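One structure is given below, encoded as structure tokens.
The values are calculated or read from the model by the stated rules, or taken from the named source; none is laboratory data. Note that the structure is predicted; figures quoted are calculated from it, not measured. Methodologically, a virtual Cβ is constructed for each residue, glycine included, from the backbone with ideal geometry; neighbour enumeration extends over all protein chains shown.
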Amino acid sequence: MKVAVLRETKSNESRVGLVPDGVKFLKKKEIEVVVEKDAGLKAGFPDAAYEAEGATIAPDAATAVSGADVVLKVQPVTAEEIGVLASGQVLVSSFQPASNLEIVRSLRDAGVTMMAMELMPRITRAQSMDILSSQATVAGYKAVLLGANAIGKFLPMLTTAAGTVRPAKTLTLGAGVAGLQVLATFRRLGALMEAFDVRPAVKEQCESLGAKFLELDVGDMEDAGGYAKELSEDQHERELELIANALRNKDVVITTAQIPGRKAPVLITREMVDGMMPGSAIVDLAAETGGNCELTRAGETVEHNGVKILGPVNLAATMPFHASMMFSKNLVTFLMEMVNKEDKSLTLDWENEVISGVCVTYQNEVRHGPTKEALG
Ligand code: NAD
């Protein structure tokens with residue numbers, strides 16, 4: 001079996017789909033690895049590091065994928081990149097089929113098997129293959145650093161000869177994977193923490209990280225998949241009131257609230273920003289899906305009455321070394337689900353919910369139900 005690793009072509013992407021450690025693991029399983037030249041360079045993994053683990057370096061994408069059974073990437077393929085892929089090859093990368101329908105059509109017509117890692121089922125067994133979780137961990141950590149950097153204050157309490165500094169006050173909205181990493185990072189930096197989520201199940205986790213959990217009686221807002229449900233209008237009104245009060249004395253606010261498949265809920269209106277302290281900052285991790293703050297602009301920092309509102313995009317790519325290590329581990333674990341234990345061949349077992357869950361196209365067919373429907 002042969003695996004190819006492509007160099008990312010998107011301008012703000014510095015991660016790589018497989019790191020040298022992954023090569024080492026695959027070589028032990030008798031899997032050959034070809035890496036496109038400089039694929040890992042921006043993430044801190046030079047070609048020599050891949051060669052040292054037994055990979056071959058190919059001068060370009062076409063040479064890298066030639067004869068490969070599986071192709072690994074971080075970002076979804078572009079229309080041009082599909083040109084180098086051959087029918088029957090399995091492509092594994094991040095991919096949101098709903099927002100890439102044209103690409104789905106091209107992959108289907110080219111006979112490429114697309115495994116979209118964003119569709120990974122949220123079951124315990126699949127946690128080690130979950131790119132959303134691994135990359136959200138990176139984003140949560142980085143969001144705290146951006147927030148700390150955006151205010152003119154210390155986060156921890158300091159007792160110095162030049163006076164005592166009070167610890168910064170922070171609020172984290174949404175305590176899923178990213179939000180919990182935000183709290184863990186704030187804690188390491190000594191900030192005071194409050195947190196809020198519509199899923200009461202996370203209260204204990206927030207408290208165990210040292211945060212005060214803000215309570216709102218909205219019933220059980222968790223769906224069968226562990227995700228949040230959308231609030232009713234009345235519940236949303238009450239939520240905004242709670243958040244508006246909590247915002248007034250905060251130095252850093254980090255928002256991470258998402259509803260799968262929908263625009264992110266607006267949790268901070270312009271009026272609520274008006275009530276915040278000048279010099280404070282909001283880091284909106286939901287910027288790419290519309291933002292949790294009404295004033296957020298994706299990829300930009302907006303200033304409103306002295307409050308900075310940061311809308312970072314693709315934050316995981318700003319920490320490419322560790323983000324790639326985690327992404328690579330997710331892909332390698334998934335790859336092993338497709339390798340027949342006896343003869344080491346590529347085998348797609350449709351009874352395996354991990355494989356059937358992420359597969360979008362196979363043998364010129366769209367297999368993923370919602371995508372098939374969207375294509376009509
Ligand atoms: P997410 O990115 O979809 O949402 C982030 C957070 O925003 C969630 O905690 C959600 O409850 C919260 N939220 C949504 N609407 C809100 C609102 N109006 N106000 C405040 N908060 C709001 O979620 P995620 O972090 O990817 O995952 C959510 C949960 O799924 C995790 O906490 C975990 O329990 C579960 N999970 C399971 C697996 C697995 O078993 N493989 C993997 C990852 C996550």
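List of remarks:
- Of all residues in segment 325-354, those that are over 13 Å from Ile31 (Cβ atoms) have Cβ atoms under 8 Å from Cβ atoms of residues that are basic (Lys, Arg) and surrounded by fewer than 21 Cβ atoms within 10 Å (Cβ to Cβ), 6 or more apart or on another chain, in Val354/Arg125.
- Cβ pairs under 9 Å, 6+ apart, first in segment 179-204 and within 9 Å of the ligand (Cβ to nearest atom), second part of a helix (DSSP H, G or I) and among the charged types (D, E, K, R): Phe196/Glu239; Asp197/Lys203; Val198/Glu239
- Selection from segment 106-130 of residues that are part of a helix (DSSP H, G or I), more than 10 Å from the ligand (Cβ to nearest atom) and under 17 Å from the mean Cα position of the chain (by Cα): Met117, Glu118, Leu119
- Filter result for Thr78 (under 26 Å from the mean Cα position of the chain (by Cα), within 16 Å of the ligand (Cβ to nearest atom), surrounded by fewer than 22 Cβ atoms within 10 Å (Cβ to Cβ) and among the polar types (S, T, N, Q)): no
- Any hit, segment 206-227, residues being of a type in the set (D, E, K, R), buried (at least 20 other Cβ atoms within 10 Å of the Cβ) and more than 10 Å from the ligand (Cβ to nearest atom): no
- Residues located in segment 271-283, provided they are in contact with a helix residue (DSSP H, G or I) (Cβ under 9 Å, 6 or more places away or on another chain) and either charged (D, E, K, R) or within 24 Å of Ala178 (Cα to Cα) (or both): Glu271, Met272, Val273, Met276, Ser280, Ala281, Ile282, Val283
- Count of segment 26-75 residues which are of a type in the set (Ser, Thr, Tyr) and buried (at least 17 other Cβ atoms within 10 Å of the Cβ): 1
- Close pairs from segment 219-232: first in contact (Cβ under 8 Å) with a residue 60 or more places away in the chain, partner of a type outside the set (A, V, I, L, M) and within 7 Å of the ligand (Cβ to nearest atom), Cβ under 7 Å, at least 6 apart: Gly225/Arg122; Gly226/Arg122; Tyr227/Pro260
A quick yes/no check of all residues on (1) modelled with pLDDT of 95 or more; (2) hydroxyl-bearing (Ser, Thr, Tyr); (3) touching a Cys at 6+ places or on another chain (Cβ under 8 Å):
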| position | (1), (2), (3) |
| --- | --- |
| Thr289 | no, yes, no |
| Asp343 | no, no, no |
| Cys359 | yes, no, no |
| Ala374 | no, no, no |
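- Listed by first and then second residue, the pairs linking a residue in segment 264-285 that is under 12 Å from Leu171 (Cα atoms) and more than 14 Å from the ligand (Cβ to nearest atom) to a residue that is of a type in the set (Ser, Thr, Tyr) and outside any strand (DSSP E or B), with Cβ atoms under 9 Å apart and 6 or more places separating them unless they lie on different chains, are Ile282/Thr296.
- Residues that are within 16 Å of the ligand (Cβ to nearest atom), of a type in the set (Lys, Arg) and within 23 Å of Met336 (Cβ to Cβ) are absent from segment 142-149 altogether.
- Counted residues, segment 84-120 - those being within 20 Å of Thr347 (Cα to Cα) and among the charged types (D, E, K, R): 1
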